[in-house]
Every structure is written in C-alpha cells, then in structure tokens.
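Asks: Can you read through this structure? Questions will come right after.
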Amino acid sequence: MIDASYDYIITGMGCAGLSLAVQLSEAGLTKGKRILLVDREPKDKNDRTWCFWETTPGPFEPIVFRKWEKAWFHNNDFSGLLSLSPYTYKMIRGIDFFKYCLEIVSKDSAFEIIHQQVDSVGNADGKAFCVAAGKTYSADYLFNSILFSKPDSKGEYYLLQHFKGWIIHTDSPSFNVDQATLMDFRPPQTHGTTFVYVMPFSPQDALIEYTLFTADLLKDEDYKKGLTDHINNTLGLKNWEVREEEFGIIPMTNHRFKRREGAILNIGTAGGRTKGSSGYTFRFIQKDTANIIRSLRKTASPFDDSYGYSRFDWYDSVMLNILTHGTLKGDAIFTDLFKRNEPHRILKFLDNETTLTEELRILSSLPQLPFMKAGLEESIRKISPF
C-alpha cells in the first residue's frame, strides 16, 4: 500500500541530496511538483567540512567559509608553497551548507521533509518507492544518495579514506591565514598512506585533519595521538585547545556503482560520484547535479548517457592497485606529482578535466615500471578505454 505519492523523492539530505534540491528550486524545476526529502535526522550539526578547488565562483560561493590562493605541500624531503592559480582552494562548513540549503528548501512549497530512517528503496509498477518507518512513498523518480551497505567488491579494490579533524584554538598567533596546507606527509606512514591538512581560519584558529588511505579504521586513540603529535611536534604548538571535532569515512574503490535502477537514479557516493583514487566528492557532486538539471530541462527525465567507463576510471584503478598492493608508498606518489608538475595541472587532473596530452605528461613524472605493471594488470582485468 502506498501511503503518499510524489513527483520526486530524494533519499538522504547530505551533500548530494541537498545540492540537488537547491538546484531544482533555483532552476525553476519545482513548479507544480511535489518533492519529498527523507533523512533519518535533522541537519543541525557542524559535523563535516568540504574542501575543494574552483577556477570560478560555484553554486555555493555565498557560503564559502575560507579560501586560499596558496597552499603548502610537505614531505620529509620536500616542502613547497604552491601557487594554485587559476584555482582557489575553498572550504565550506557543514552547518553553513545545511542552513543555506534548508532555508532555500523551506521557502519552496514544492518540498516536504520527513525525518525517518530510510529502510529500503525499490521499483514497482513503473515507479520508484522508498520505505521509511513502516510507510511507503512512491514517485515518478527517486534520487537516492544512501549507500545501504558496502558493495560486493570481489575482484575490485576497496580502501577507506578516514579522518579525524580538530578545530583548535591557540593562545597566541600561530597560523598564516593566507596559506593552507594541502597535504603534509611528515606523520609516520606506519598504518599506510597518512597525511595532515591544515585550514587556518584566523591567526589562532585552524582545522587540523588527520587523514589515512587504508583498508581498516584505526582505534580512536590512534587518531588522537596522530593529531596531538603533529600539532605538538611538527607544527610546534604547545598551548592549544580543541574547540570542535569531526570524523568521516569515504570509500575509495573502483567498484562500478549502479547509476540507474528502474526509476531510481543513484547520486553522490551511492552513484559513484566519489573519485576512487582520492575520495574527492564535493565538486563531482556539483557537476553531476548540473547534468541532472540539464537533462530534466531538455527531456523531463533525469537520466543521461554521460556515465560510461572513462580513462579516468582506469587511472583510478591503477592507483588503487598500487596502494592496495603496497607497490609504492602513497606519500612518494603524491610527492612526485606535486614536485614534478605544475600544481594547477595536478588539481585539474584530480578533477578529471585534463587532456590526454596533459595526462601523459603527468604520468611520465611517476615511477614508470610500477605504474606500467599496474596499468597492464588493470587493462587485462578490464578493457582499457584507449
């Protein structure tokens, strides 16, 4: 039995779900529609941070909390202050994003929000549905951003990007607010690829994020030790206190997430919009949202054919192959990338926007034999797009 029907349902009110809701409203595509947003809890906590780079103002420019034109890269044998131009490195706080999106949604009468655990989504009689708290809601299209379970990654790679971040306050000026730290690989690499980034808000306040690319999570005390050691010993700060903290887990995988299932369109990480080799998500979600809006305007359907296997997926598989098998250390790979290439070219590459010529130049700056071997293995495992 269907308890209520809608034109669209959006399950999950994280970055992907709310980005889509906002863009639907701002594009005028909510007129005459009924749209249901479902999430298990209100979005009223500053529990995450998104960092990304852009060459122009993006759709969420009004809530960019801080931005930087320069950023440091550190390893034990190389340090450099990178000019990111034409890119600007930007940071959006979770609470600002949620407030901004929910204010837009609340002013649009097309939207209805319910806070219930989404138990499942599916298709029946040509429509999509979701089940939440024992009730069934149907729609012409359902946009799902919930990853209900770890995908079956047999024969594929599946690492985790996991991180604990502290916003700290120091008792005296300690940070240059014009310079962020993009990657600092000076922490011990005992657990695997490990780095810290530093986002200064003021001379006395900054977000310090301890990040790893590994198969397994750490114990909480290990994250705390990693942060404390870096702040005390590497940054040389002695008098500081933690004001806020966050923790997150992002899958890094070459698993091919299902994009479409009947009338369901998977978005965000559930739709494969997280870059497999780096975990970067925010900009890929915005590009995906723009494609959905474009398709709805053109055909009244959110489905398009722009998500086939690409050479960037192959690059991601090669990188995951190397990281999974420990062929090369992650810190060494990223050091070669940023030491031997123009920073803006690497950022463009990480955004999947480089030309083949640019990519060949970047790949030639990496150790050839390990990457050639991994590339051959991935070409055999899955047909290369070249």
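Asks: Can you tell me how many residues in the stretch 346-359 are more than 18 Å from Phe371 (Cβ to Cβ) and open to solvent by less than 30 Å² (accessible area, probe 1.4 Å)?
Replies: Result for the stretch 346-359: 2.
Asks: Does the stretch 213-227 contain any residue that is among the hydrophobic types (A, V, I, L, M, F, W, C), touching a residue at least 24 places away in the same chain (Cβ under 8 Å) and in a strand (DSSP E or B)? Explain how you work it out, then say what you get.
Replies: Going residue by residue through the stretch 213-227, those that are among the hydrophobic types (A, V, I, L, M, F, W, C) are 213, 215, 217-218, 227.
Those still in the list that are touching a residue at least 24 places away in the same chain (Cβ under 8 Å) too: 213, 215, 217-218, 227.
The next check asks that each one be in a strand (DSSP E or B); those that pass are 213.
Yes.
Asks: Could you say whether any residue in the stretch 362-373 is more than 17 Å from the chain's Cα centre (by Cα), modelled with pLDDT under 95, hydroxyl-bearing (Ser, Thr, Tyr) and assigned to a loop (DSSP other than H, G, I, E, B)?
Replies: no
Asks: Please go through the stretch 311-345 and give me each residue that is surrounded by fewer than 19 Cβ atoms within 10 Å (Cβ to Cβ) and of a type in the set (Gly, Ala, Ser), ordered by number.
Replies: Within the stretch 311-345, Gly326, Ala332 meet the criteria.
Asks: Sticking with this one: Filter the strands (runs of 3 or more DSSP E) completely within the stretch 28-133 down to those with at least 1 residues that are within 30 Å of Thr335 (Cα to Cα) and either hydroxyl-bearing (Ser, Thr, Tyr) or touching a residue at least 12 places away in the same chain (Cβ under 8 Å) (or both).
Replies: Numbers: elements: 35-39, 49-54, 66-68, 70-75, 78-83, 88-93, 111-115, 118-124, 127-132.
Those strands (runs of 3 or more DSSP E) span 49-54, 66-68, 70-75, 78-83, 88-93.
Asks: Any chance you could count how many residues in the stretch 1-27 are hydrophobic (A, V, I, L, M, F, W, C) and either assigned to a loop (DSSP other than H, G, I, E, B) or surrounded by fewer than 23 Cβ atoms within 10 Å (Cβ to Cβ) (or both)?
Replies: Initial filter on the stretch 1-27 (hydrophobic (A, V, I, L, M, F, W, C)): 1-2, 4, 9-10, 13, 15-16, 18, 20-22, 24, 27.
Filter again for either assigned to a loop (DSSP other than H, G, I, E, B) or surrounded by fewer than 23 Cβ atoms within 10 Å (Cβ to Cβ) (or both), leaving 1-2, 4, 13, 22, 27.
Residues that pass the stated criteria total 6.
Asks: While we're on this one: Is it the case that the stretch 140-153 has a residue that's at pLDDT below 95, open to solvent by 30 Å² or more (accessible area, probe 1.4 Å) and on the phi > 0 side of the Ramachandran plot? Full working, then the answer.
Replies: To start, the set of residues in the stretch 140-153 that are at pLDDT below 95 comprises 147-153.
From what is left, the residues that are open to solvent by 30 Å² or more (accessible area, probe 1.4 Å) are 147-150, 152.
After this cut, where a residue has to be on the phi > 0 side of the Ramachandran plot as well, the list is none.
No, there is no match, as no residue in the stretch 140-153 is at pLDDT below 95, open to solvent by 30 Å² or more (accessible area, probe 1.4 Å) and on the phi > 0 side of the Ramachandran plot.
Asks: Are any of the residues in the stretch 249-264 more than 27 Å from Thr335 (Cα to Cα), open to solvent by less than 50 Å² (accessible area, probe 1.4 Å) and of a type in the set (A, V, I, L, M)? Talk me through it step by step, then tell me what you get.
Replies: Start the filter on the stretch 249-264 by keeping residues that are more than 27 Å from Thr335 (Cα to Cα), which leaves 256-264.
Then drop every residue that is not open to solvent by less than 50 Å² (accessible area, probe 1.4 Å), which leaves 257, 259, 262-264.
Checking which are of a type in the set (A, V, I, L, M) leaves us with 263-264.
For the stretch 249-264, residues more than 27 Å from Thr335 (Cα to Cα), open to solvent by less than 50 Å² (accessible area, probe 1.4 Å) and of a type in the set (A, V, I, L, M): present.
The rows are residues; the columns are (1) charged (D, E, K, R); (2) touching a residue at least 12 places away in the same chain (Cβ under 8 Å); (3) under 25 Å from Phe129 (Cα atoms).
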site	(1), (2), (3)
Asn266	no, yes, yes
Gly279	no, yes, no
Asp288	yes, yes, yes
Arg297	yes, yes, yes
Phe303	no, yes, yes
Tyr309	no, yes, no
Tyr315	no, yes, no
Leu320	no, yes, no
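Asks: Counting only residues that are touching a strand residue (DSSP E or B) at 6+ places or on another chain (Cβ under 6 Å), farther than 21 Å from Thr335 by Cβ and assigned to a loop (DSSP other than H, G, I, E, B), how many does the stretch 168-206 have?
Replies: 3
Asks: Given the structure, is Gly12 free of Cβ contacts under 8 Å to residues at least 24 places away in the same chain and at positive phi? It would help to see each step written out before you state the result.
Replies: Working: free of Cβ contacts under 8 Å to residues at least 24 places away in the same chain: no; at positive phi: yes.
Answer is no for this residue.
Asks: Does Tyr210 count as under 25 Å from Thr327 (Cβ atoms) and at pLDDT 95 or above?
Replies: Numbers: under 25 Å from Thr327 (Cβ atoms): yes; at pLDDT 95 or above: yes.
Yes; evaluated as a whole, the condition is true for this residue.
The values are calculated or read from the model by the stated rules, or taken from the named source; none is laboratory data. Since this is a predicted model, take the numbers as computed values, not measurements. All Cβ positions, glycine included, derive from the backbone under ideal geometry; neighbour counts span all protein chains shown. Ligands, DNA and RNA are excluded from the accessible area calculation, which covers all protein heavy atoms including side chains. Shrake-Rupley method; radii C 1.70, N 1.55, O 1.52, S 1.80 Å.
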